[in-house]
Amino acid sequence: MNNKEDERVDTAAKEPYFWNSRTHEFLGRTATSWGLILLFYLVFYIFLGGMFVLTMYVMLLTLDDYKPTYQDRLATPGMMIRPRGEAMEILYNTQDAGSWVTYTEVLDNFLGPYNNSVQVQNNDDCAPDNFFIQEDSGEVRNNPKRSCQFNRTSLEACSGMTDRTYGYEAGQPCVLIKLNRVIGLLPGKDGQSPYVTCGAKKEDVDAMGELAYYPPNGTFNLMYFPYYGKRAQVNYSQPLVAVKFLNISLNSDVNVECKIKSNTLPAGGDRDKFAGRVSFKLRISSINN
């Protein structure tokens with residue numbers, strides 16, 4: 001009895017697992033079993049794929065091609081400068097053209113789209129000090145929307161037209177400031193445009209010297225707002241403010257902070273350190289190497 005049981009165990013152990021010719025099982029399953037399990041997974045994954053397609057379709061129905069449904073942004077937009085160098089530093093030597101020519105090349109490339117000929121061709125000559133609002137007609141989109149000209153010559157001494165070195169060679173550098181784009185932003189009321197003010201950190205006040213702003217008073221004119229988005233306003237030219245450092249102290253680090261002033265935008269606080277402001281270090285040397 002025991003010998004027969006041992007023989008059956010040995011016979012079962014010798015049966016191949018990959019293909020069992022006696023039971024016609026492949027990897028331990030019959031053809032019917034494999035068919036049923038494959039059918040289950042086929043239906044299961046078709047159902048998952050259908051659910052994914054349905055949820056994506058419903059989500060896309062809620063999106064607008066020209067305006068984000070939700071905007072997760074600061075109450076006051078951030079600011080940026082050009083040129084900005086590494087780590088928000090502008091460091092150069094007036095006696096070494098190679099140390100500042102990169103900055104002027106950056107400004108040349110950045111201001112290329114602001115050439116008067118390009119602006120006249122692409123954008124409108126708008127009336128200043130008023131928002132350039134372009135409403136849609138119900139369900140009919142008023143697209144593409146027009147944009148106002150921002151001519152390079154409005155930057156005057158910082159336009160690169162009369163001084164190809166933007167003041168860097170003379171130790172009176174120009175720095176361009178732009179406000180980050182925010183769709184639908186109206187940064188002023190009662191005809192008062194937002195404007196930029198720059199100053200030195202407390203320990204560098206005496207080294208700052210006199211500043212000049214272009215356009216006058218460092219304003220971002222209201223006619224460049226609101227911004228309707230890249231797709232709706234394809235030729236939009238972001239307004240700029242240029243700050244020229246007329247007599248900054250040489251051979252010393254000057255920590256500069258520029259802020260946006262507006263009667264509608266709240267000032268950035270400790271929680272939003274980069275809202276409505278930008279900080280950078282400026283050092284102009286005049287030492288022969």
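Brief remarks on what is shown
- All alpha carbon pair distances within the stretch 187-289 were sorted into 5 Å bins beginning at 0; the resulting P(r) in whole percents reads 2, 11, 17, 19, 17, 15, 9, 6, 3, 1, 0.
- Pairs of lysines in the stretch 79-285 whose Cα atoms sit within less than 19 Å of one another amount to 24, provided the residues are eight or more positions apart or on different chains.
- Rounded if a/c under 1.5, otherwise prolate or oblate - the stretch 40-144, Cα gyration tensor axes: oblate
- Antiparallel content of DSSP bridges confined to the chain, in %, to 5: 80
- Span from the the stretch 35-70 Cα centroid across to the the stretch 166-231 one, whole angstrom: 47
- Reported to the nearest whole Å, the Cα centre-to-centre distance from the stretch 84-151 to the stretch 240-270 is 19.
- Given (1) 75, 41, 38; (2) 108, 44, 34; (3) 111, 61, 39, the label whose value is Cα extents along the principal axes in Å derived from this model: (3)
- Burial order of peptide ranges 88-95, 140-147 (average beta-carbon count within 10 Å, highest first): 88-95, 140-147
Read the figures in this text as sums done on the coordinates, not as results from a lab. None of these values were measured; they are calculated from a predicted model. All Cβ positions, glycine included, derive from the backbone under ideal geometry; neighbour counts span all protein chains shown.
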